[in-house]
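Engineer: Next up is a structure, given as structure tokens.
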Amino acid sequence: MRQIEMLTNSQQDQEKSKSVLYQEVIAQQNKQAAQALKAYWQRIGQWNVKPSKQKQYEKVQTIRSLLES
């Protein structure tokens, strides 16, 4: 979770949030980390994405369902 909170708006951090960190959050089913990832994605404009951005859209839906479970 600390790694997510330390992310910047750089392209490198954005990619990291969508790959390595996303995978860790899902593997651990960690709701606090999922909430932190949601907040980060909202900050960088990657939360409310259109279904046409298929990969990111699916990741957002997965995080949403984890937070609602």
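The values are calculated or read from the model by the stated rules, or taken from the named source; none is laboratory data. What you see is a predicted model, and the numbers here were worked out from it, not measured in a lab. Backbone-built Cβ (ideal geometry, glycine too); neighbour counts: all protein chains shown. The accessibility values were calculated without ligands, DNA or RNA, using every heavy atom of the protein model including side chains. Shrake-Rupley method; radii C 1.70, N 1.55, O 1.52, S 1.80 Å.
Engineer: List the number of the failed condition for Trp47; all other conditions in (1) open to solvent by 50 Å² or more (accessible area, probe 1.4 Å); (2) not in a helix (DSSP H, G or I) hold.
Structural biologist: (1)
Engineer: Another question, then. Residues Tyr57, Tyr22: which one is among the aromatic types (Phe, Trp, Tyr) and under 9 Å from the mean Cα position of the chain (by Cα)?
Structural biologist: The unique qualifying residue is Tyr22.
Engineer: Can you say whether Gln32 is assigned to a helix (DSSP H, G or I), in contact with a Leu (Cβ under 7 Å, 6 or more places away or on another chain) and surrounded by fewer than 16 Cβ atoms within 10 Å (Cβ to Cβ), as far as the supplied structure shows?
Structural biologist: no
Engineer: Which of the residues spanning the stretch 5-29 are of a type outside the set (Ser, Thr, Tyr), open to solvent by less than 30 Å² (accessible area, probe 1.4 Å) and within 17 Å of Thr62 (Cα to Cα)?
Structural biologist: Leu21, Val25
Engineer: Another one. Given Ser65, Ser52, which one is modelled with pLDDT of 95 or more and assigned to a helix (DSSP H, G or I)?
Structural biologist: Exactly one of Ser65, Ser52 is modelled with pLDDT of 95 or more and assigned to a helix (DSSP H, G or I), namely Ser65.
Engineer: Hey, another quick one. List the number of the failed condition for Leu37; all other conditions in (1) at pLDDT 95 or above; (2) over 16 Å from Ile63 (Cα atoms); (3) surrounded by 11 or more Cβ atoms within 10 Å (Cβ to Cβ) hold.
Structural biologist: (2)
Engineer: Residue by residue through the stretch 50-69, note down the ones that are under 19 Å from Gln12 (Cβ atoms) and open to solvent by less than 30 Å² (accessible area, probe 1.4 Å).
Structural biologist: Gln56 - this is the single residue of the stretch 50-69 that is under 19 Å from Gln12 (Cβ atoms) and open to solvent by less than 30 Å² (accessible area, probe 1.4 Å).
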